[in-house]
Amino acid sequence: MTPRKLIIVGNSGFAEIAHEYFSYDSDYEVVGFSVEKAYRKVDRFCDKPNVDFEDLAKHFAPAQHSVYVAATYTQLNRLRARMSGQAKQLGYALASYVSSRAFVWRNVRLGEHCFIFEDNTVQPFVQLGDNVLLWSGNHIGHHSVVRSDCFISSHVVVSGYCDIGQGTFLGVNSTISNNVTLARDNWVGPGVTITKNTEPGAMFKHTRAEPAAVSAPRFFKLEE
């Protein structure tokens, strides 16, 4: 099979990671990178041409190339949504990546421009919207909906029958209990557990651990 040609928008650490996954675990061939002119500092990235996004169509014909926007949760996922929308308006097909080491059940409904890392478990009857990013090691429970433009970091548990609102960020080790609806644009910090429905734009900060008054060696009666 002839690989499909892919442009990755971005030249950050995530762009480098996306290049690795698309190159070795998909039927895409990464042929170039692109960033907006104001942010482009180098002409080549990962040994591929790196061009101004404003001139992308001059370098890579939309009919022959797909695009993936390798942006994380910048601007509460707005940057990834904006850039992928602009690429689509230019006529590019939007690429998705699903790791060969992820478990995605047969009837999961997957939107366009999604990225699913290894060790994700996506259970039956789940719906993922457009532009959703699942970093490694998450559990997305049965009959749950993750709406468009969400970023779910690592080791997150979304229980069954949940509804994760558009633009939401779920931090490392956060947990969403059964039958909970998160409104759009929520920010859930690392280690936070949500057990009730939320309001739009809600931010849930994690509680920072403070060191105890007694040191660990003293607690275990070790000679310091």
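None of the figures in this text is laboratory data; all of them are computed from the coordinates on show. If you're wondering where the values come from, they're calculated on a predicted model, not measured in any experiment. Glycine gets a Cβ as well: all are built from the backbone with ideal geometry, and neighbour counts include every protein chain shown.
Overview of results
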| read-out | value |
| --- | --- |
| Residues of type lysines that residue 205 reaches as a straight line, Cα spacing below 22 Å, ignoring anything fewer than 8 places off in the same chain | 196 |
| Neighbour-count ranking [beta-carbon atoms within 10 angstrom, fewest first] of 76, 56 | 76, 56 |
| Point-charge dipole on Cβ atoms (K/R +1, D/E -1) for the chain, about Cα centre, debye to 20 | 360 debye |
| Amide H contacts under 5 Å for residue 204, placed H, 5+ residues apart | 187, 188, 189 |
| Sorted by Cβ neighbour density within 10 Å, fewest at the top, the residues 132, 157 | 157, 132 |
| With Cα atoms, 0 to 90° folded angle of helix 78-89 axis to the chain main axis | 20 degrees |
| Radius ratio Rg over Rh of region 63-181, counting only Cα atoms, Kirkwood formula for Rh | 0.96 |
| Cα Rg over Rh - the chain, Kirkwood | 1.06 |
| FRET E, pair residue 218, residue 72, Förster distance 30 Å, beta-carbon r, rounded to 0.05 | 0.15 |
| Between helix 13-24 and the chain: long-axis angle, C-alpha atoms, 0 to 90°, nearest 10 | 70 degrees |
| Amide N of region 100-118 lying under 14 Å from the label point, which is placed 7 angstrom from the Cα of residue 17 along Cα→Cβ | 115-118 |
| Distance cut-off 18 Å, percentage of C-alpha pairs in region 1-63 lying past it | 31 percent |
| Potential lengthening between residue 207 and residue 89 on full extension [0.36 nm per residue; Cα-Cα distance subtracted] | 38.3 nm |
| For 88, 196, order by how many other beta-carbon atoms lie within 10 Å, fewest first | 196, 88 |
| Computed lengthening from residue 47 to residue 142, 0.36 nm per intervening residue step minus Cα-Cα distance | 30.1 nm |
| Percent RCO, i.e. relative contact order, over the chain, from Cα pairs under 8 Å lying at least 6 residues apart | 10 percent |
